[in-house]
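Here the structure is laid out as C-alpha cells; the discussion comes afterwards.
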Amino acid sequence: EPAATILASCYQRALELADEAGLESIAFPALSTGAFGFPMEQAAEVASRTVLARSATLRSVRLIRWVLFSDEDRRLHEEVFESVLNA
C-alpha cells in the first residue's frame, strides 16, 4: 500500500536524521492518524516494524518513544509492538 510505504519512510528518515545529528532519543506521535485518517492499528504496525528494523543500525539513538493521545492508543501500540516483536 502506497500510504504505508510513505509512512514507513517518514519514520526511517526521522531516525536517520536523529542519528546523524547525534541525538540519543527521539519521540514520535502516531504519525498520519489524525487529520490524514490513517487507521491507528495499521499505523502502529508500520511504526513498530520500521523502528525495529532500523534500530539495530542506529549509532547514537538509544531511546525511541511514542507519545500518544490516549491510554487506548498506548495500549494498542503496546499490543501491536509486542506482536511485531514476537513475530
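The values are calculated or read from the model by the stated rules, or taken from the named source; none is laboratory data. Since the structure is predicted, the reported quantities are computational estimates derived from the model, not experimental observations. As a convention, Cβ positions derive from the backbone with ideal geometry for all residues, glycine included, and neighbour counts pool all protein chains shown. Note: accessible area is taken over every heavy atom of the protein model, side chains too, but ligands, DNA and RNA are not part of it. Shrake-Rupley method; radii C 1.70, N 1.55, O 1.52, S 1.80 Å.
Just one residue in the set Ala27, Ala18, Ala3 is modelled with pLDDT under 95, aliphatic (A, V, I, L, M) and open to solvent by less than 80 Å² (accessible area, probe 1.4 Å); that residue is Ala3. Which one is nearest to Ser83 (Cα to Cα), of the residues in segment 5-49 that are hydrophobic (A, V, I, L, M, F, W, C) and over 12 Å from the mean Cα position of the chain (by Cα)? Filtering first and then ranking leaves Phe38.
Considering only residues of segment 30-41 that are out of contact with any helix residue (DSSP H, G or I) (no Cβ under 7 Å at 6 or more places or on another chain) and open to solvent by 60 Å² or more (accessible area, probe 1.4 Å), which is modelled with the highest pLDDT? Among those residues, the one meeting the criterion is Pro39. Here is the figure for segment 43-64: residues that are without any contact (Cβ under 8 Å) to a residue 12 or more places away in the chain and among the aliphatic types (A, V, I, L, M) total 2.
Contact annotation: residue pairs with Cβ atoms under 8 Å, 6 or more positions apart or on different chains, pairing a residue in segment 1-16 that is touching a residue at least 12 places away in the same chain (Cβ under 8 Å) and on the phi < 0 side of the Ramachandran plot with a partner that is hydroxyl-bearing (Ser, Thr, Tyr) and open to solvent by 30 Å² or more (accessible area, probe 1.4 Å), are Ala3/Ser32; Leu7/Ser32; Cys10/Ser32; Leu15/Ser55.
Within segment 51-87, can you find the residues that are among the aliphatic types (A, V, I, L, M), over 21 Å from Ala35 (Cα atoms), open to solvent by 80 Å² or more (accessible area, probe 1.4 Å) and part of a loop (DSSP other than H, G, I, E, B)? Within segment 51-87, Ala56, Ala87 qualify.
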